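What follows is a set of notes on a single structure, which appears directly below.
The values are calculated or read from the model by the stated rules, or taken from the named source; none is laboratory data. Here the structure is a predicted model, which is why all the values come from computation and not from measurement. Cβ: placed from backbone, ideal geometry, glycine included. Neighbour counts: every protein chain shown.
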Amino acid sequence: MAPIAFFDDSGFEGCVILNRIDFLERIKPGVYRMGSGYLFNRLGVQCTNEGFSGLEFASGIPGTVGGVVYMNVGDNGQEIVDAIDTIEIVTVDGRHQILYRSDLAFGYRMSPFQAMQDLTAIVAVTFHLLPSASTKEHQQAYLKK
Ligand SMILES: Cc1cc2nc3c(=O)[nH]c(=O)nc-3n(C[C@H](O)[C@H](O)[C@H](O)COP(=O)(O)OP(=O)(O)OC[C@H]3O[C@@H](n4cnc5c(N)ncnc54)[C@H](O)[C@@H]3O)c2cc1C
């Protein structure tokens, strides 16, 4: 289905980007490299169905992988930052950089990208999730709540 956008009649002074970097790469069991345009709630359902824990809360949150990392979203005692290994960005001068989560300072609904002067976009994110027999159960309880 085509996305729908509404704009004020007076226009919009800025750049609107429809992010279609929506690949999903399974690096090894529990390690997912995602394009930043991939839908976060879809990822939450997929990795839980595959038996990996860490993103059960994702199934209830709308947005793209890039958008939710930028906002450091969380719910139900989980936060996206805890499931991240690396984040790939493109800088204003066109350089591709791989950043390690351990080198980045996240806070409540806050990521270092919000203050990064030379950021153009987050382009990919690698998540590292742990196997869990009860992940599906946790997700169902969360969605019910
Ligand atoms: C019904 C509902 C429930 C929600 N529940 C929760 C919740 O439980 N917990 C929670 O934390 N949030 C929740 N949210 C908030 C929301 O899901 C997040 O704010 C999310 O980040 C939106 O993602 P988006 O891709 O739509 O980003 P946008 O809203 O489009 O953008 C958010 C910000 O990220 C930037 N951005 C987006 N993509 C990129 C990129 N690729 N690279 C660099 N910057 C980028 C944008 O410029 C903007 O500043 C909820 C929202 C709704 C509507």
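Only a single criterion out of (1) more than 13 Å from the ligand (Cβ to nearest atom); (2) of a type outside the set (Lys, Arg); (3) out of contact with any Ser or Thr (no Cβ under 7 Å at 6 or more places or on another chain); (4) modelled with pLDDT of 95 or more is not satisfied by residue 130, namely (3).
Between 12, 23, the distinction of being loosely packed, with under 14 Cβ neighbours inside 10 Å, touching a strand residue (DSSP E or B) at 6+ places or on another chain (Cβ under 9 Å) and not aliphatic (A, V, I, L, M) belongs to 23 only. Here the stretch 112-145 is the region considered, the condition is being surrounded by fewer than 13 Cβ atoms within 10 Å (Cβ to Cβ) and not aliphatic (A, V, I, L, M), and the residue that is nearest to the chain's Cα centre (by Cα) is 114. Listed by first and then second residue, the pairs with beta-carbon distance under 8 Å, at least 6 apart or on different chains, first residue in the stretch 89-113 and at positive phi, second in a strand (DSSP E or B), are 94/120; 109/74.
The condition (being more than 6 Å from the ligand (Cβ to nearest atom), of a type outside the set (S, T, N, Q) and over 17 Å from residue 101 (Cβ atoms)) is satisfied by just one residue among 69, 45: 45. Of note, residue 32 satisfies the criterion of being in contact with an Asp or Glu (Cβ under 9 Å, 6 or more places away or on another chain), of a type outside the set (A, V, I, L, M, F, W, C), within 25 Å of residue 18 (Cβ to Cβ) and in contact (Cβ under 8 Å) with a residue 24 or more places away in the chain.
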